[in-house]
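J.: Sharing a structure, written as structure tokens. Questions coming.
The values are calculated or read from the model by the stated rules, or taken from the named source; none is laboratory data. Small disclaimer: the values here were computed from a predicted structure and weren't measured. No Cβ is skipped: glycine too gets one built from the backbone with ideal geometry, and neighbour counts run over all protein chains shown. Just the protein is used for accessible areas: all its heavy atoms, side chains included, with ligands, DNA and RNA removed. Shrake-Rupley method; radii C 1.70, N 1.55, O 1.52, S 1.80 Å.
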Amino acid sequence: MSWMVWTMPTAIFFSSIAAMLAGMTIWEILSPTIERKGFLPISTTRGDRLFIGLLSAAFIHLGVIGFTSLSIWIALAVSAIWLLVLMRWG
Amino acid sequence: MNNKVPNNRAWLLVLPMLVLVAFSAIIPLMTVVNYSVQDVLGPNARFFTGTEWFESMLNDSALQAAFLRQISFSLIILAIQIPLGIGIALIMPKRGWQASAVLILITLPLLIPWNVVGSIWQIFTRGDIGLMGWGLRELGVDYNITRNAGDAWVTIVLMDVWHWTPLVAMLCYSGLRSIPEAYYQAARIDRASKWAVFRYIQLPKLTNVLVIAVLLRFMHSFMIYAEPFVLTGGGPGSATTFLSQSLTTMAVGQQDLGPSAAFSLIYFLVILLVSWVFYTTIMHMQKDKHPHGGA
């Protein structure tokens, strides 16, 4: 696998994405999602909200890395809180 | 009430495709992520750089300029192509052999490969042999796309309008054809003006196709590469260097794999965001249209 030049952070990143997808699948089997409308302008399912959360997390990280001198962990914390808020009330 | 029992076993049939996509897209994308956090000099010489590449890419003034240029380009061509496309669709003949003939004529630019479009316009705008370049020079206009940034911009916008307005026109034409004749009859009974017919019948009925046209054209133009590359090579200077070309120069020309991987990911995220908005808007509109059908 060395041709893929793996590093620990990217391995952790992709494992967490895979874990999230697996978790969402199990959650879906246990209790199927119901499409609903929260504070977002469109009605969403659980998967939609996860996607929106991850995509906005990417932009939060880019903003913090590129345009502030804050630690990347702050970006991670903000993204995680945002993802939870989105999943619950989005 | 929905009494259907969901059966997700059909998803297993997607597995072969998933394996294929894993090798053609997912694994290469993972490799790009790996490269974006490292400085890879060779198989055994690599250094972890963390977010350094992302930071330098986001603060690279050349790339920021290319990004702004890209956005302005997309907005300019949308502002021209959408009204022009609607206008063309409105005056296109509605039936008979004229309709087919005009449709074919209008579709022709869409069939030309992108590189060829660039070459056609490159020759067309040359001062010595090109019809447009020569003609403008004879008229006394100082027109030169290799020296004057304004000329290069006008030409690229003109080229894109020539190449892609037909797509907008065809979408609008199909939208117009789907309006039932009864609407027009009602308008005639009310003695509605041409403008009122356009404003209150045709335009509202065109909303759906226009959303598709706007988003398709936006995404297309946001990834434009071959046409300006062949026409101007990104010049004069970097006046017409768009994002794809900056990326190619970095990745293929200079072999800066780390920075170009970081830049690709940023570019990809922007495109992903736009595509998602595109998809959601369309799905949303369909849902509004068939509230009980389920999209």
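The rows are residues; the columns are (1) within 13 Å of another protein chain (Cβ to nearest Cβ); (2) open to solvent by 50 Å² or more (accessible area, probe 1.4 Å); (3) at pLDDT below 90.
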{"residue": "B:ILE27", "(1), (2), (3)": "yes, no, yes"}
{"residue": "B:ARG46", "(1), (2), (3)": "yes, yes, yes"}
{"residue": "B:SER61", "(1), (2), (3)": "yes, yes, yes"}
{"residue": "B:LEU84", "(1), (2), (3)": "no, yes, no"}
{"residue": "B:LYS94", "(1), (2), (3)": "no, yes, yes"}
{"residue": "B:VAL102", "(1), (2), (3)": "no, no, no"}
{"residue": "B:VAL116", "(1), (2), (3)": "no, yes, no"}
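J.: A further question on this structure: Can you name the residue in segment A:66-79 that is open to solvent by 40 Å² or more (accessible area, probe 1.4 Å) and in contact (Cβ under 8 Å) with a residue 12 or more places away in the chain and is also farthest from the other protein chains (Cβ to nearest Cβ) among such residues?
T.: In the first step, residues of segment A:66-79 are kept if they are open to solvent by 40 Å² or more (accessible area, probe 1.4 Å); the result is A:67-74, A:76-78.
This time we only want the ones that are in contact (Cβ under 8 Å) with a residue 12 or more places away in the chain, so: A:76, A:78.
On the way: A:LEU76: 12, A:VAL78: 15 Å.
So, considering only residues that are open to solvent by 40 Å² or more (accessible area, probe 1.4 Å) and in contact (Cβ under 8 Å) with a residue 12 or more places away in the chain, the one farthest from the other protein chains (Cβ to nearest Cβ) is A:VAL78.
J.: Confirm whether A:GLY53 is open to solvent by less than 30 Å² (accessible area, probe 1.4 Å) and modelled with pLDDT of 90 or more.
T.: Working: open to solvent by less than 30 Å² (accessible area, probe 1.4 Å): yes; modelled with pLDDT of 90 or more: yes.
When the stated conditions are applied, A:GLY53 passes them.
J.: I've got another one for you. How about segment B:152-166: which of its residues are under 15 Å from B:VAL214 (Cα atoms) and touching a Ser or Thr at 6+ places or on another chain (Cβ under 9 Å)?
T.: Selection gives B:ASP160, B:TRP164, B:PRO166.
J.: Ok, one more. Among the residues of segment A:41-50, write down those that are surrounded by 11 or more Cβ atoms within 10 Å (Cβ to Cβ) and facing chain B (nearest Cβ under 10 Å). Explain how you work it out, then say what you get.
T.: Of the residues in segment A:41-50, the ones surrounded by 11 or more Cβ atoms within 10 Å (Cβ to Cβ) are A:42-50.
The answer is A:ILE42, A:SER43, A:THR44, A:ASP48.
J.: Still on this structure, I have one more. Filter segment A:18-29 down to residues that are within 11 Å of chain B (Cβ to nearest Cβ) and free of Cβ contacts under 8 Å to residues at least 12 places away in the same chain and give me whichever is farthest from B:VAL37 (Cα to Cα). Give the derivation first.
T.: Just the residues of segment A:18-29 that are within 11 Å of chain B (Cβ to nearest Cβ), to begin with: A:18, A:25, A:28-29.
From what's left, free of Cβ contacts under 8 Å to residues at least 12 places away in the same chain: A:18, A:25, A:29.
Working: A:ALA18: 20, A:THR25: 30, A:ILE29: 36 Å.
Step by step, filter segment A:18-29, then rank; the result is A:ILE29.
J.: When the residues of segment B:63-82 are narrowed to those that are small (Gly, Ala, Ser) and touching a residue at least 24 places away in the same chain (Cβ under 8 Å), which ends up surrounded by the fewest Cβ atoms within 10 Å (Cβ to Cβ)? Even if it seems obvious, please write down each step before you answer.
T.: Quick first cut of segment B:63-82, residues small (Gly, Ala, Ser) only: B:65-66, B:72, B:74, B:79.
Going one step further and asking which of them are touching a residue at least 24 places away in the same chain (Cβ under 8 Å), we end up with B:65-66, B:74.
Details: B:ALA65: 14, B:ALA66: 22, B:SER74: 21.
Residue satisfying both the conditions and the ranking: B:ALA65.
J.: Determine which member of the set B:TYR173, B:TYR184 is aromatic (Phe, Trp, Tyr) and either buried (at least 21 other Cβ atoms within 10 Å of the Cβ) or touching an Asp or Glu at 6+ places or on another chain (Cβ under 8 Å) (or both). Please lay out each step first, then the result.
T.: Details: B:TYR184 fails: either buried (at least 21 other Cβ atoms within 10 Å of the Cβ) or touching an Asp or Glu at 6+ places or on another chain (Cβ under 8 Å) (or both).
On inspection, the qualifying residue turns out to be B:TYR173.
J.: Looking at the structure I just gave you, is A:TRP6 within 11 Å of another protein chain (Cβ to nearest Cβ) and either of a type in the set (A, V, I, L, M, F, W, C) or in contact (Cβ under 8 Å) with a residue 40 or more places away in the chain (or both)?
T.: When the stated conditions are applied, A:TRP6 passes them.
J.: Next question, about the same structure. Need a quick list: helices (runs of 4 or more DSSP H) entirely within segment B:195-295 having at least 1 residues that are open to solvent by less than 20 Å² (accessible area, probe 1.4 Å) and under 23 Å from B:HIS163 (Cα atoms). Reasoning before the result, please.
T.: On the way: elements: B:203-222, B:226-231, B:243-248, B:257-289.
Those helices (runs of 4 or more DSSP H) span B:203-222, B:226-231, B:243-248.
J.: Within segment A:22-39, identify whether any single residue is in a helix (DSSP H, G or I), open to solvent by less than 40 Å² (accessible area, probe 1.4 Å) and assigned by TED's automatic domain parsing to the domain that holds A:ARG88, and answer yes or no. Full working, then the answer.
T.: Here is the first cut: in segment A:22-39, the ones in a helix (DSSP H, G or I) are A:22-30.
Keeping just the survivors that are open to solvent by less than 40 Å² (accessible area, probe 1.4 Å) gives A:23-24.
Filter once more, so that each one left must be assigned by TED's automatic domain parsing to the domain that holds A:ARG88: none.
No; the residues of segment A:22-39 include none that is in a helix (DSSP H, G or I), open to solvent by less than 40 Å² (accessible area, probe 1.4 Å) and assigned by TED's automatic domain parsing to the domain that holds A:ARG88.
J.: Here is a follow-up. What single numbered condition from (1) closer than 25 Å to B:TRP11 by Cα; (2) in contact (Cβ under 8 Å) with a residue 12 or more places away in the chain; (3) at the interface with chain B (Cβ under 10 Å from one of its Cβ atoms) fails to hold for A:GLY63?
T.: Checking A:GLY63 against (1) closer than 25 Å to B:TRP11 by Cα; (2) in contact (Cβ under 8 Å) with a residue 12 or more places away in the chain; (3) at the interface with chain B (Cβ under 10 Å from one of its Cβ atoms), the one that fails is (1).
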